[in-house]
1. For segment 141-156, check the following and say yes or no: at least one residue is of a type in the set (Asp, Glu), in contact with a helix residue (DSSP H, G or I) (Cβ under 8 Å, 6 or more places away or on another chain) and under 22 Å from Gly25 (Cα atoms).
2. Restricting the search to segment 78-106, which residues are in contact with a Lys or Arg (Cβ under 8 Å, 6 or more places away or on another chain) and in contact (Cβ under 8 Å) with a residue 60 or more places away in the chain?
3. Test Ala146 against the stated conditions and say whether it is in contact with a strand residue (DSSP E or B) (Cβ under 6 Å, 6 or more places away or on another chain), more than 6 Å from the ligand (Cβ to nearest atom) and among the aliphatic types (A, V, I, L, M).
4. Regarding Gly167, is this residue modelled with pLDDT under 95 and open to solvent by less than 30 Å² (accessible area, probe 1.4 Å)?
5. Could you list, in sequence order, the residues of segment 122-143 that are in contact (Cβ under 8 Å) with a residue 40 or more places away in the chain and either more than 15 Å from Arg85 (Cβ to Cβ) or within 6 Å of the ligand (Cβ to nearest atom) (or both)?
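The values are calculated or read from the model by the stated rules, or taken from the named source; none is laboratory data. Being a predicted model, the structure only gives us computed values, none of them experimental. A quick note on method: Cβ atoms are made from the backbone with ideal geometry, for glycine too, and the neighbour counts reach across all protein chains shown. For the accessible areas, the whole protein counts, side chains as well, though only heavy atoms, and no ligand, DNA or RNA atoms are used. Shrake-Rupley method; radii C 1.70, N 1.55, O 1.52, S 1.80 Å.
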Amino acid sequence: MPFRATILTLYPEMFPGPLGVSLAGRALERGEAIVETCQIRDFGRGRHRAVDDTPAGGGAGMVLRADVLADAIDAASYEGDTRPRLLMSPRGRPLRQDYVRELAAGEGALIVCGRFEGVDERIIEGRSLTEISIGDYVLSGGEIAAMVLLDAVIRLLPGVMGNDQSGVHESFEAPLLEHPHYTRPAEWEGRTIPEVLTSGNHGAVERWRRAEAERLTRERRPDLLAPPVRGTGASDR
Ligand code: SAH
């Protein structure tokens, strides 16, 4: 069974978008993954198919209605659908490689893309949505965030990466940042390739790469080396 992603969005024309090319594009073509969309507006209310309304308590912007979203989610779910239901949200659990791997091992995901000020809070509990954030900044909608998540997941699906080894040493898998890469020409604008990489000594190459990965991680992301802080809420999510 291919990994099946169902995206609930007001802008289905955005998909597959960048997922339609290169590695992910080939995976979709070969049927290793399915990315389908569901237009939330089809479940809108009244003659104008309204999907949003003004925030209770006042304030700027519009809020996506829980009843409309619930109808869309229910229609997009199949018999016995056990896929995780995600809501892209800046308040969510920060997306990390371990969760990407977990998703890639599953059947797929149903992904709700917010717009405007966000969604009526009641839908989150009402349809057991897991909020996922792709970073500490605010996008105008959940679609690009969903694409980021799916791009990361699809490349991990069985058979998608030509060389199955190429996932092993990458940033965050280790959990170290990746070592630097070089390719021809041997000299470019007076800059050369570290000698060890052209030495033919595979053991030395491995040791150099490991040392560089550790150095870069220490310098740039010491938080990745620190033991995880548990039980304090935000920092251990
Ligand atoms: N008023 C909200 C932001 C809404 S942005 C707030 O301040 O938290 C509109 C939609 O974009 C959100 O509902 C969400 O689906 C999506 N979005 C914005 N930033 C995101 C992020 N960092 N990660 C994932 N989704 C995001």
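1. Step one: filter segment 141-156 for residues of a type in the set (Asp, Glu), giving 143, 151.
Those left that are additionally in contact with a helix residue (DSSP H, G or I) (Cβ under 8 Å, 6 or more places away or on another chain): 143, 151.
The next check asks that each one be under 22 Å from Gly25 (Cα atoms); those that pass are 143, 151.
Within segment 141-156 (the criterion being of a type in the set (Asp, Glu), in contact with a helix residue (DSSP H, G or I) (Cβ under 8 Å, 6 or more places away or on another chain) and under 22 Å from Gly25 (Cα atoms)), the answer is yes, since at least one residue qualifies.
2. At the first step, the residues of segment 78-106 found to be in contact with a Lys or Arg (Cβ under 8 Å, 6 or more places away or on another chain) are 83, 85, 93-94, 99, 106.
Selection gives Arg83, Arg93, Pro94, Gly106.
3. Numbers: in contact with a strand residue (DSSP E or B) (Cβ under 6 Å, 6 or more places away or on another chain): yes; more than 6 Å from the ligand (Cβ to nearest atom): yes; among the aliphatic types (A, V, I, L, M): yes.
Yes.
4. Details: modelled with pLDDT under 95: yes; open to solvent by less than 30 Å² (accessible area, probe 1.4 Å): yes.
In short, yes.
5. The first filter runs over segment 122-143 and keeps only residues in contact (Cβ under 8 Å) with a residue 40 or more places away in the chain, leaving 122-123, 126-139, 141-143.
Scanning segment 122-143 gives Ser133, Ile134, Gly135, Asp136, Tyr137, Val138, Leu139, Gly141, Gly142, Glu143.
Conditions tested, residue by residue: (1) at pLDDT 95 or above; (2) surrounded by 11 or more Cβ atoms within 10 Å (Cβ to Cβ); (3) of a type in the set (A, V, I, L, M, F, W, C).
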residue	(1), (2), (3)
Ala174	no, yes, yes
Tyr182	yes, yes, no
Glu187	yes, no, no
Gly190	yes, no, no
Ala204	yes, yes, yes
Arg207	yes, yes, no
Ala211	yes, yes, yes
Glu214	yes, yes, no
